[in-house]
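What follows is a single structure, written as structure tokens, with notes after it.
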Amino acid sequence: MRKALICIVFLMVAVLYALPQNWTQYYFTFKIQDKSELQTLTRIISIDNVKGNTVWAYANDDEWAVFRALGYKAEIIPVSGSAEPVEMYTSRDRTFPINAYPTYSAYVAQMYAYASSYPNLCQIVDAGTTVNGKKILFAKISDNIGTHEAEPEVMYTATIHGDETVGYILMLDLIEYLLTNYATDTRVQNLVNNLEIWINPNANPDGTYYTSDTTISTSTSRRYNYNGTDLNRNFPDPEGTPLPYPVTQIETTHMMNLANAHHFVLSANLHGGAEVFNYPWDRMATLHVENNWFANVGTAYVNAVHAVAPTYMDDLYSGSIPGLTNGFAWYIVVGGRQDWMNYYKQCKENTIELSTTKLVTAGTLPSYWNYNYNAMLGYLENALYGLQGIVTDAYGNPLSATITIVGLDDANSKATTDPANGDYIRMLNPGSYTVQVSAAGFPTRTFNNVVISSGQKTTLNVILGDNTQTIPLTAGWNLISLRVNPPSLAVADVFAGISANLVQVKDAFGTYSPEVGTWFNTMSSVQMSHGYWVKVSSPCTLSITGQPINPVMSPLALVPGWNLVSYFPETALAPATALASIAPYLQEVKSATQSYIPGGGSNTLTQMVPGSGYWIKVSQACSLTYPAAAR
């Protein structure tokens, strides 16, 4: 009988979603015979928890009718929560950590007040309005808030289920903590200075404030949105199967638009109803190719929590330690945001269940902050480590590139660059890896034995596409430098194209001449940072093909006195512009025939040009970083 009914379930589900606005929420529990039944049930009702053969779930009116037709014996129960009414606040002037729940207007005012109080660190981004006209707000926090920097974008979001409100308050606490402690706390400074942090305290305000904008309770708040849709079952499915809710809700669209417009690399979706760190996949039994990384990150979060509260976040499902589970091993979710972010956006998102009770007593909210805040900061710090860098073309333009870990990645785990700046991050477990970097229209580059260490960043900046530098030489001595890195730096290979004309090469440290014995030659290879004197017997042109040097990422260490150095920019620049980074220490610059003294009235060196080497005199040790050429 049940199998026959299941055959008509999906026809019934397809016509479910014309609910009246005042729909009924059902919360109930029932038994299953086998976990395989969840494959069908997850498309009919919104499963909330599974322990053994006991299931807890939500349904709207139409879902409840379809579920009842399957013949399960269900018991309607109250949603877990504190005695009502809970304490609400209407003013943003609250103690920290927050010990009450905001009215909707107080929440909106509090968010915008953060930006008003910390305009150099915080912007409030309105991602769009809900079905019922409420705002989906994000606090964007960064040290250069008006600039899109080449740094990882990370995100926390909470309360996609409107009645799971602990994360809602903890995210308000986190925003305040980052902003108020930035000036004095080095850990916070490191996060804010090196990440772009996005925090969305409430992804479903229509659910939280379903009945009233001034009250949160188990009877007035809803799991679903205003249309009766579970927003965490509404995202495109990795396997392309029909969703439980075929109509994409406006809140889902706003979240997807935001993710598509940005380049989030790490995120977490905060829930309630259990106490466990849940990692991908939710939809698929196959383990994620980076299952070990996800498990390690989850273990670190749970351990940080247990260091404060040993009996908190200790639900045991399928994980190796209490408080940790693979999503599918717990129960299957179709249309969840966690899998969409990982599969389609290559953003490492996890789900953190913060409280067994959906609506905790307001006075206990500070305890949940104290349990989690160190773990939440540590979770963000994952985006400071791993493999990071910038991918550009031969002219310094950022590229839309793919970074593949050979032997590990599949099509949906590869890292990609943010095309705005060409920056990328690939969070990895410690080890040695082979890395391939590819972009449309360019040859792929492969890097072997790239070492990743725990708690450290490995920088790999990549230039795709070769560039040829040509340097005209006159008979006699020429002072030159290279801005293109050839495949071989052996001096004989670098000058092989002019070997018939070459008499001698020398810099401040050694010499090479093809006309004398090896005993005389003290120079075996070319250093890209050095300038070189090159003597040829007749006029010729030296051509070098290879990877261009990125001036901004290639500082030159100078010692007090004279230094014979290379010139990396691809265009000519005035000495004052080219050497701005060492202006306080600069005393004199010389080319083969001209000179420049800062403030001097008769300078003959007015332009530093590609292909020329330069003697630079400085008053003390310093680092010369050439500017990026204007394009």
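The requirement of being among the β-branched types (Val, Ile, Thr), modelled with pLDDT of 95 or more and out of contact with any strand residue (DSSP E or B) (no Cβ under 7 Å at 6 or more places or on another chain) is fulfilled somewhere in the range 363-384, by at least one residue. When the range 417-436 is filtered for residues that are closer than 24 Å to Asn291 by Cα and within 19 Å of the chain's Cα centre (by Cα), the ones remaining, listed by number, are Thr417, Tyr424, Ile425, Arg426, Met427, Leu428, Asn429, Pro430, Val435.
Name the residues in the range 555-596 that are polar (S, T, N, Q) and in contact (Cβ under 8 Å) with a residue 60 or more places away in the chain, would you?
Selection gives Ser566, Ser591.
Checking Thr577, Thr518 one by one, the residue that is more than 45 Å from the chain's Cα centre (by Cα) and open to solvent by 60 Å² or more (accessible area, probe 1.4 Å) is Thr518 and no other. The condition of being surrounded by 16 or more Cβ atoms within 10 Å (Cβ to Cβ), on the phi < 0 side of the Ramachandran plot, touching a His at 6+ places or on another chain (Cβ under 9 Å) and modelled with pLDDT of 95 or more does not hold for Ser529.
Name the residue that is farthest from Lys135 (Cα to Cα), counting only residues in the range 63-99 that are aliphatic (A, V, I, L, M) and surrounded by 18 or more Cβ atoms within 10 Å (Cβ to Cβ).
Only one residue fits best here, namely Leu70.
Results for (1) of a type in the set (Asp, Glu); (2) under 17 Å from Ile169 (Cβ atoms), shown as yes or no for each residue.
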| position | (1), (2) |
| --- | --- |
| Ser105 | no, yes |
| Val108 | no, yes |
| Met111 | no, yes |
| Tyr114 | no, yes |
| Leu121 | no, no |
| Leu137 | no, yes |
| Ile141 | no, no |
| Glu149 | yes, no |
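Ser91 satisfies every condition listed in (1) modelled with pLDDT of 95 or more; (2) touching a helix residue (DSSP H, G or I) at 6+ places or on another chain (Cβ under 8 Å); (3) assigned to a loop (DSSP other than H, G, I, E, B) except (1). Please list, ordered by first then second residue, the pairs with beta carbon atoms under 6 Å, 6 or more apart or interchain, first in the range 110-123 and free of Cβ contacts under 8 Å to residues at least 40 places away in the same chain, second in a helix (DSSP H, G or I). Qualifying pairs under 6 Å: Gln123/Ala115. Of the strands (runs of 3 or more DSSP E) entirely within the range 332-422, those holding at least 2 residues that are surrounded by 23 or more Cβ atoms within 10 Å (Cβ to Cβ) and touching a residue at least 60 places away in the same chain (Cβ under 8 Å) occupy 348-355, 386-393. Looking across the range 109-122, the residues that are surrounded by fewer than 18 Cβ atoms within 10 Å (Cβ to Cβ) and within 25 Å of Gly162 (Cβ to Cβ) come down to Ala109, Tyr112, Ala113.
Every listed requirement among (1) more than 20 Å from the chain's Cα centre (by Cα); (2) open to solvent by 50 Å² or more (accessible area, probe 1.4 Å); (3) not aromatic (Phe, Trp, Tyr) is met by Gly146 save one, (1).
Return the residue satisfying two criteria in turn: it lies in the range 452-467 and is open to solvent by 80 Å² or more (accessible area, probe 1.4 Å) and outside any loop (DSSP other than H, G, I, E, B), and of such residues it is nearest to Phe520 (Cα to Cα).
So the residue we want is Thr459.
For the range 479-499, a residue qualifies if it is open to solvent by 20 Å² or more (accessible area, probe 1.4 Å), touching a residue at least 24 places away in the same chain (Cβ under 8 Å) and over 42 Å from the mean Cα position of the chain (by Cα), and exactly one does: Gly497. Using the structure shown, decide if Phe509 is within 21 Å of Lys617 (Cβ to Cβ), touching a helix residue (DSSP H, G or I) at 6+ places or on another chain (Cβ under 7 Å) and of a type in the set (Phe, Trp, Tyr). When the stated conditions are applied, Phe509 does not pass them. State which residue pairs qualify: first residue among the basic types (Lys, Arg) and inside the range 529-542, second residue open to solvent by 40 Å² or more (accessible area, probe 1.4 Å) and not in a strand (DSSP E or B) in any location, beta carbons under 9 Å apart, and separation of 6 or more residues or different chains. Every condition considered, the pairs that remain are Lys535/Ala475. Set side by side, the residues Leu502, Leu558 differ, and just one is touching a Phe, Trp or Tyr at 6+ places or on another chain (Cβ under 7 Å) and either surrounded by 15 or more Cβ atoms within 10 Å (Cβ to Cβ) or of a type in the set (Val, Ile, Thr) (or both), which is Leu502.
When each of Ile169, Ile197, Ile145 is tested for being in contact with a helix residue (DSSP H, G or I) (Cβ under 6 Å, 6 or more places away or on another chain) and of a type in the set (A, V, I, L, M, F, W, C), the lone residue that passes is Ile169. Scan the range 299-316 for residues that are part of a loop (DSSP other than H, G, I, E, B), open to solvent by 50 Å² or more (accessible area, probe 1.4 Å) and not polar (S, T, N, Q) and jot them down. Listed by number, the residues that qualify are Ala307, Val308, Pro310, Asp314, Leu316.
The values are calculated or read from the model by the stated rules, or taken from the named source; none is laboratory data. Being a predicted model, the structure only gives us computed values, none of them experimental. Note: ideal-geometry Cβ built from the backbone for every residue, glycine included; neighbour counts use all protein chains shown. The area values use the complete protein model at the heavy-atom level, side chains included, leaving out ligands, DNA and RNA. Shrake-Rupley method; radii C 1.70, N 1.55, O 1.52, S 1.80 Å.
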